[in-house]
Amino acid sequence: MSYDRAITVFSPDGHLFQVEYAMEAVRRGSTAVGVRGGNCVVLAVERRALAKLQDPRTIRKIVSIDNRSTLAFAGLTADARVLVNKTRTEAQSYRLTCEDAPSVEYLARFIARTQQKYTQRGGVRPFGIATLLAGFSEPEGGETEGKPVLYQTDPAGTHSSWKAQVIGGRNAKSLREFLEKNYEEDMSEEKAVRLAVQALLEVVDSGAKNMEVCVVRSGGIKSTMEEKDVDLIVKSIEEEAEEGKAGKSGSGDE
């Protein structure tokens, strides 16, 4: 029997092949990096090279869910559009019912629940995307503002909270190891942006031109960085790397 034909049938060794193929679609997508700082969350995504006549504004990998939550995705863009629209509708419905904005955790749970539904019914296929959801938690115990939070969901329908995470691309594992080595608790916004850009430079060839970087600040306010600002960070990282190489070769000659 061919176990990858039907989504609802497990293989004898406990695999759901259609879900694994959806995860492969994510790996073939462009890379997205999320880094949680002390007072912000940075989302940085790789923008694949565009056709000469294409308008870059129409290709967005980082989108707003509502005015307090921002989402980055890796995988099939068409699937992402459908899932983002479902999530936006849920966020508006929550506001109407509860007269308050949904928390980032609530939206992450909703996305994961929707993705999981599409792994358990016949006649549908899993969403071929993974997401990173950024925003701020509700203030607790006399705090004036909430803490930055970063959630990830995948095609199987699991969701989890992260300090820094990479989704999409063939090099996700090595980039995650890079983040593990270089991540610091309560980083400043500048350091968090630099770390996210540094991670993306491992997979992006033409620097700032093929990157989209967004900073989510207190209250979930989203700010997309200008290409020239990202370019300055890229140049500073490249200069630092050159100096490091020169220093090593100098010490080697001695």
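The values are calculated or read from the model by the stated rules, or taken from the named source; none is laboratory data. What you are looking at is a predicted structure, and each value in this text was computed from that prediction instead of being measured. Because the Cβ atoms are built from the backbone with ideal geometry, glycine has one as well, and the counts that use them run over all protein chains shown. Accessible surface is based on the protein model in full, side chains and every heavy atom, while ligands, DNA and RNA are left aside. Shrake-Rupley method; radii C 1.70, N 1.55, O 1.52, S 1.80 Å.
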### Summary
Per the filter on the range 29-67, residues over 14 Å from the mean Cα position of the chain (by Cα) and either among the acidic types (D, E) or not in a loop (DSSP other than H, G, I, E, B) (or both) are C40, D55, P56, R57, T58, D66
### Task
Read through the list (1) aliphatic (A, V, I, L, M); (2) under 30 Å from V234 (Cβ atoms); (3) free of Cβ contacts under 8 Å to residues at least 24 places away in the same chain; (4) in a loop (DSSP other than H, G, I, E, B), then give the number of the only condition that V9 fails.
(2)
### Message
Residues that are open to solvent by less than 70 Å² (accessible area, probe 1.4 Å), assigned to a loop (DSSP other than H, G, I, E, B) and modelled with pLDDT of 95 or more: does the range 144-154 have at least one?
### Response
yes
### Task
Scan (1) in contact (Cβ under 8 Å) with a residue 24 or more places away in the chain; (2) of a type in the set (A, V, I, L, M); (3) within 27 Å of I221 (Cα to Cα) for the single condition I59 breaks and write down its number.
(1)
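Here is a yes/no grid of residues against (1) under 28 Å from E202 (Cβ atoms); (2) touching a Ser or Thr at 6+ places or on another chain (Cβ under 8 Å); (3) modelled with pLDDT of 90 or more; (4) open to solvent by 40 Å² or more (accessible area, probe 1.4 Å):
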residue	(1), (2), (3), (4)
E20	yes, no, yes, yes
R27	yes, no, yes, yes
N39	yes, yes, yes, yes
V42	yes, no, yes, no
A51	yes, no, no, yes
Q54	yes, no, no, yes
R57	yes, no, no, yes
